[in-house]
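Heads up: the structure comes next, in structure tokens.
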Amino acid sequence: MGCAASSDSGNQYTSLGQHGQQNVRIEPHIRSQQQTHSQQNSQPEQQPTLNKVPTQIEYKSAPVPIVAAKPKSGDKKGPVGVKSSNAKSVVDFNNTDDMMLPGLPDFTGVEYVPTDIGTYELFLDFRTLSADFPTQEPPHPDGDLYTDYEFTVDVAFPNRSDLEWKRPMEVAEEPVLFSDGATRFDIGQGEVGTCWFMAMVANLADKPRLLRRVIPGDAYKIGSDDYDGIFHCRFWRFGVWNDTYIDDFLPIVYETNIAGAHSATDPNEMWVALLEKAFAKLYGSYEEITEGLTADSYMNLTGGVAERIDFTEKKISPKRLFQRLYNAFQCPTTMVGCNVPDKNNGKRGLVGGHAYSMNGAFIVGEAKLLRLRNPWGNGEWNGPWSDRSPKWNSAPSDCVPHPSKDDGEFYMDINDFLRYFDDCTICNLTPDFDRDGFPDMLNYVTCIYGNWRDGKNGGFEQRTKNPCYCVTLGDKAMDDEGKVALVVQIVQRTLDSRNDFTEVRCDVFKVLSKNDHCVSLELLGDKSNIYMGNVQNTYRFLVEPGSYVAIPSTLEAGYEKEFLIRFFTAAPVSSPHEVDNITIMTGKGRNGDEPAENSRYKCTKCSVGAFKSGLNSGGTIACDDFANNPQYLLTFNNEQIFRVEVMQPEKDDGFALGIKLFEAPGDIFPVDYDWLNDNYGNAMRDSEGGDGPFQFGTSVDTCYTVYSGTYILLIHCDSEADENDFSVAIYSECPIEMESAHV
């Protein structure tokens, strides 16, 4: 798998069902962008015990306080070139007193609207056809406890006949929503393969404000006079917080055991089981949620963004990965999921094809440890630094307390983590662009809704024949090199099923120049950007202030589907609009075929023109009007290498483009035919050793080495009858001057 400009899409599929306490059932129901990746794991239900507990929402603290040595300040490094804030977030994520009720997008607004998590959102709708946002009104049972006759046990589990619906009071002595608050230790995965979801729920449980967004304070009224059998929660889906209401019937096996997820700390506690059931209803059944990405579950639970680090695709050193994770946990809303591949099933107590949550990174003496948790609520790593490892005997006394309980949580050295896990997904409410763990203040979220439709669904082959959206970035939070951070996320709409998605990507272009009828664009990011079959993909860019165009596309042409593009920026964007009824030209950009991070070209000049029949003279010097072709006078003040690229719009009857460069004859510009005829053989040699390219396509480019002085750049088409718009871009190491003629 690959992606453009550090793609942050998640890729963590899992499943493996374990039924009862003895029998193990392997279920091959994993999806992946390219192939089956792993399997999801489930765990048998435990027998209930009796315990009187309160019903109000509180939040449990971790049973053991954690104290760890911090890395030396010199070890804390992030990428150069991004300006971030070291100030802590102004939002107290332990406080749930000032929560705002999420609502539907307001497409009539013209200003950014603040949220209760410190972000500002602007919604724009450019869809020509769209499905309504699903809204569910709260049920109103007439005196009786609410029963949802549309989501029965047969619908929830279409392929099982051994289950029955029972309400909590039928299987627990004193059922409550929360028992002594909420904590990650509550999470106990059941027979359903939802480890990818429950791993993130475990992380969410330790973040009161974020959990309250999902489960409101009046979500479940059991134990009170107002009890009506209704559980209410919310999930983020396609830019909207969907209210979901269910009855409190739970799937029961063996008379009293909850077949799905359950509380691992108290059998009277119902929030885990009810939340999993609500998630199953959101997507149609429990079967629909038995596979997935931790990045997608995080998005469903928070509306945030994720970055996946694949250890198999790109080697990463233990030191660098630990620093990245340690930094990430400095942010109070960070959540991390990780995956054990199938090949490591059973090794050192780990479960293959299974998602784990991660909730801490610590220095213990010379060891760099990660704290992970199995969503089963038991079953732990038994290698070095596990609960009974002798490594703890020599650990400093002021380090983390020695773990000793089989609660699913364990410590693991970073080197072992890299050996036995194959990826991790780091999730944040807003992007931590420089990955230092502190807010980068990309708190302005511009949400643009669009759709691929007839005439705007050209796929990869006709990429500019897709919807195009332009935003302009200002210079707020600009770094010392004059760059600002931009993160772009594409989310495709899944209507009928959670698996209702296709292979998509979103390319971002810098606007080089434009006029009333055409615009020329430079592609940003890694040219290895590929189409990925995910619900959401995220891309990061460090760019100069200016205008940028995002072009979402599907791999195959002809799809009709809705999508959401979110721009995360440090300040409001200006003039967001759809680019329509205008000719678009794109090329390789300043980097050509080279990786973006190796760019030597810091400056850009661009000019737009047109080849017109009767005015231009084609590509042969034998034509007496050859001098009528477009000419540019380029003035260089330094010796340098520069790249020139000529672009033209996509056309069925396109033609070849040519480039020639000459040393200028003093102050004469433009040059005439006699001069060109006399000097044609003296055209400068490009980096390939030729006298300039002449190629068919939407763009042609080459590089030259020049000294201080002036030069004549001449471009031409194939014949005198050729007609099309064109754009000439000059990418240089140092600023240059550019004058045009005959364009």
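Taking into account only those residues within the stretch 441-487 that are of a type in the set (V, I, T) and touching a Leu at 6+ places or on another chain (Cβ under 8 Å), which is farthest from T119 (Cα to Cα)? Walk me through how you get there before you give the answer.
Initially, the stretch 441-487 is screened for residues of a type in the set (V, I, T), giving 445-446, 448, 464, 471-472, 484, 487.
From the residues that got through so far, the ones that are touching a Leu at 6+ places or on another chain (Cβ under 8 Å) too are 445-446, 448, 484, 487.
Working: V445: 7, T446: 11, I448: 16, V484: 18, V487: 14 Å.
Only one residue tops the list, namely V484.
Looking across the stretch 299-328, the residues that are touching a Gly at 6+ places or on another chain (Cβ under 6 Å) and of a type outside the set (G, A, S) come down to R308, N327. Screening the stretch 419-477 for residues that are within 27 Å of S520 (Cα to Cα) and of a type in the set (D, E) and picking the one that is surrounded by the fewest Cβ atoms within 10 Å (Cβ to Cβ) gives D454. The requirement of being among the hydroxyl-bearing types (S, T, Y), touching a Gly at 6+ places or on another chain (Cβ under 7 Å) and either over 18 Å from N428 (Cα atoms) or in a helix (DSSP H, G or I) (or both) is fulfilled nowhere in the stretch 241-258; no residue meets it. Annotation: G292 fulfils all but one of (1) in contact with a helix residue (DSSP H, G or I) (Cβ under 6 Å, 6 or more places away or on another chain); (2) at pLDDT below 95; (3) under 19 Å from P139 (Cα atoms); the unmet one is (3).
Screening W165 on (1) at pLDDT 95 or above; (2) assigned to a loop (DSSP other than H, G, I, E, B); (3) of a type in the set (F, W, Y) shows it passes everything except condition (2). Within the stretch 417-434, can you find the residues that are more than 30 Å from T119 (Cβ to Cβ), charged (D, E, K, R) and not in a helix (DSSP H, G or I)? Matches in the stretch 417-434: D422 only. Any residue that is touching a strand residue (DSSP E or B) at 6+ places or on another chain (Cβ under 7 Å), over 20 Å from L523 (Cβ atoms) and either touching a residue at least 24 places away in the same chain (Cβ under 8 Å) or β-branched (V, I, T) (or both) - is there at least one of those in the stretch 597-609? Yes, the stretch 597-609 contains a residue that is touching a strand residue (DSSP E or B) at 6+ places or on another chain (Cβ under 7 Å), over 20 Å from L523 (Cβ atoms) and either touching a residue at least 24 places away in the same chain (Cβ under 8 Å) or β-branched (V, I, T) (or both). Give the number of residues within the stretch 353-375 that are surrounded by 20 or more Cβ atoms within 10 Å (Cβ to Cβ), part of a loop (DSSP other than H, G, I, E, B) and touching a helix residue (DSSP H, G or I) at 6+ places or on another chain (Cβ under 8 Å). So the count comes out to 2.
If the condition is being over 29 Å from the mean Cα position of the chain (by Cα) and of a type in the set (S, T, N, Q), then the stretch 352-382 contributes N378, N382.
To keep it simple, each residue is scored yes or no on (1) among the charged types (D, E, K, R); (2) surrounded by 15 or more Cβ atoms within 10 Å (Cβ to Cβ); (3) modelled with pLDDT of 95 or more.
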{"residue": "D624", "(1), (2), (3)": "yes, no, no"}
{"residue": "N628", "(1), (2), (3)": "no, yes, no"}
{"residue": "Y632", "(1), (2), (3)": "no, yes, yes"}
{"residue": "D653", "(1), (2), (3)": "yes, no, no"}
{"residue": "I668", "(1), (2), (3)": "no, no, no"}
{"residue": "E688", "(1), (2), (3)": "yes, no, no"}
{"residue": "T698", "(1), (2), (3)": "no, yes, no"}
{"residue": "V706", "(1), (2), (3)": "no, yes, yes"}
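With respect to (1) more than 23 Å from the chain's Cα centre (by Cα); (2) under 30 Å from D416 (Cα atoms); (3) modelled with pLDDT under 95, the lone exception for A261 is condition (3). Note on the stretch 144-163: residues that are over 39 Å from the mean Cα position of the chain (by Cα) and of a type in the set (D, E) amount to 2. Answer yes or no: is there a residue in the stretch 690-697 that is of a type outside the set (K, R), assigned to a loop (DSSP other than H, G, I, E, B) and under 25 Å from V519 (Cβ atoms). Yes: the stretch 690-697 contains one or more residues that are of a type outside the set (K, R), assigned to a loop (DSSP other than H, G, I, E, B) and under 25 Å from V519 (Cβ atoms). When the criteria are applied in full, T538 fails the requirement of being more than 21 Å from C603 (Cα to Cα), out of contact with any Ser or Thr (no Cβ under 8 Å at 6 or more places or on another chain), buried (at least 17 other Cβ atoms within 10 Å of the Cβ) and not charged (D, E, K, R). Of all residue pairs spaced 6 or more apart or on separate chains, those with beta-carbon atoms under 6 Å, a first member in the stretch 152-178 that is closer than 21 Å to D218 by Cβ and a second member that is aliphatic (A, V, I, L, M) are P168/M270; P175/M169; P175/I222; P175/M270; V176/V53; L177/M270; F178/I57. For the stretch 483-521, the tally of residues that are part of a strand (DSSP E or B), under 22 Å from the mean Cα position of the chain (by Cα), over 21 Å from Y449 (Cβ atoms) and not hydrophobic (A, V, I, L, M, F, W, C) stands at 1. Apart from one condition, H232 fits all of (1) over 24 Å from N268 (Cβ atoms); (2) of a type outside the set (V, I, T); (3) part of a strand (DSSP E or B); the exception is (1).
The values are calculated or read from the model by the stated rules, or taken from the named source; none is laboratory data. Since the structure is predicted, the reported quantities are computational estimates derived from the model, not experimental observations. Every residue, glycine among them, receives a Cβ derived from its backbone with ideal geometry; neighbour counts consider all protein chains shown.
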